[in-house]
Every structure is written in structure tokens, then in C-alpha cells.
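Bear in mind that the values in this text are calculations on the coordinates, not laboratory data. For clarity, every value in this text was computed on a predicted model and none was experimentally measured. Counting neighbours? That spans all protein chains shown, and the Cβs are built from the backbone with ideal geometry, glycine included.
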């Protein structure tokens, strides 16, 4: 059995105030010639993305915790996807960075897409890794069914990583998050994104179909789909799996 990925032992922690509360970001790497990568957490969980952030050692990365979740401060109320995106947009405007590659994983793709559409001057390119929510899973029972099917893929250490952040969110917040993201339509949002869009999908992903992922890329102004081995949480299975396609995207943007 493959062991859980190694967590980075050093990173810088920053806090930024937004209209919906204080957001924690964790910074890895150092600035270079490539655009920095800013990644939006998944549904209530963030720590599992740290190894994938560390894998992008060729640039500086920032992992964002959304208000009210993981290591961020409390939100004034339970937020909708568009409000989480407003908080990310505030973060992008308040941090002195060159135009970034804005990424999201799972439900974070929906937040990242809204923020990218709202801040074209701050976002050089967008990455949607394991996008949600595929039309086949747009009800709570169906979403849970496909999530359980995907969870059958062996992922040592993943649930243990999630538990503290699930506890912080609490059951009611988790239910609200699921319903809020089920209401959001990513295929409509991507049509408002200017600039390159990279869709990444695990070949064994049970939550997302390749047909829908390809449709997302096709709907974008400049979209591309890349599939990699693994399930919905392919970034935990192999944190380095996104490094080459994201770096290729970053290099293209650096020379534009």
C-alpha cells in the first residue's frame, strides 16, 4: 500500500482581512520567473493540499483557507459560493502579487472560477482540478453516492487529514456547503473567464465525468483538458501529478 504523502515541514502563514472575514494563507516556495500559484481549498478541508503545493517548487504558492473554515477567522454568516469568491477577490486585490495562476480543487474550483471572472487583471490563468459539480451528482443523495464510490479508492491518511477541519466546520456548515455548491453552475461561470483555463481530472474520478470536464474546457475562451491517474483526490495520491501541466501553463503565461 502506498503511504500518505509527506507534508511540508516549513511554510509561511499570513492573514488577510476581507469583507467576509480574515483568511489564512500558507506560502511555500520563493518568487521566480513564473507566475505564483494561488490555490483555493476544497470543501471545508485544506491541509490535504499542502503536499501538492510543495510539489510546485518552481514558483511561489499560496494556499487559501476560506472564511469560517480550516485556519481562517469566522465569517459573518454562512456564505454562498459567490461570497466566498468575493473574499478571494479581496485577497487577490490586497496582496501585492503579479497576475497569478488561480487554482481550485473540487468545490474550490467553483470559488476560483467566480474569482477569476471577477478579477481578470489579477489572474493570468485558471486551473480547475477535479471540478464540481457534475450534473450527474446535483442532489445531496447523488453527491453522497458518488463521493462514497470515489472514496473506495485507497487513499492512506486522507480521512485522518480531513477530520480536524471537518470538526471545525461542523455538521450544519458541511450540509450548507454541499447545498450551496450544488446550486452553483460551474459551466456557466467558466464562460466569463478571460485567459487560459486548464481543467485537470483524475482518470478514476467517480464524481466528475470526462465528458463534463471536456465541456468545461470547451466552453472557456482558451480551455484545455488534461487527465491524470487517480480518483477525485488525485492530488493526495500523487501531489506532483499536476506540476508539469501547471508549469507548462505558467511558462506560456510568463512569456506572453
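Considering only DSSP beta bridges whose two residues both sit in the range 12-250, what percent are antiparallel, to the nearest 5?
The antiparallel fraction comes to roughly 30 percent.
Among 141-149, 184-192, what's the highest-first ranking by average C-beta atoms within 10 angstrom per residue?
184-192, 141-149
Below 8 Å, C-alpha to C-alpha, sequence gap of six or more: please give me the relative contact order for the range 12-250 in percent.
Answer for the range 12-250 is 21 percent.
Taking a ≥ b ≥ c as the square roots of the eigenvalues of the Cα gyration tensor of the chain, is the shape rounded (a/c under 1.5), prolate (a/b larger than b/c) or oblate?
In terms of gyration-tensor shape, rounded.
May I ask for the distance between the Cα centers of the range 1-59 and the range 187-256, given as a whole number of Å?
About 18 Å separates the Cα centre of the range 1-59 from the one of the range 187-256.
Scale the Cα Rg of the range 190-256 by the rule-of-thumb value 2.2 N^0.38 Å and send over the ratio, two decimals.
Taking N as the residue count of the range 190-256, the ratio is 1.14.
Work out, in µm²/s and without decimals, the Stokes-Einstein translational diffusion coefficient of the range 77-227 at 20 °C, 1.002 mPa s, Rh from Kirkwood over C-alpha pairs.
Result for D is 134 µm²/s.
Is it possible to state the helix-based mean residue ellipticity at 222 nm for the chain, with each DSSP H run of 4+ residues giving -39500 (n - 2.57), the sum divided by total residues, to the nearest 500 deg cm²/dmol? What is it?
Value at 222 nm, helices only, nearest 500: -11000 deg cm²/dmol.
By how many nm would the segment from residue 17 to residue 240 grow when fully extended, if each residue of separation counts as 0.36 nm and the alpha-carbon distance is taken off?
77.2 nm
Rounded, prolate or oblate: which one fits the range 1-81, using the alpha carbon gyration tensor with axes a ≥ b ≥ c (rounded when a/c is under 1.5, else prolate when a/b beats b/c, else oblate)?
Oblate, because a/c is 1.5 or more while a/b does not exceed b/c.
Given the peptides 115-122, 34-41, 5-12, 76-83, arrange them by the average over their residues of other C-beta atoms within 10 Å, most packed first.
34-41, 115-122, 76-83, 5-12
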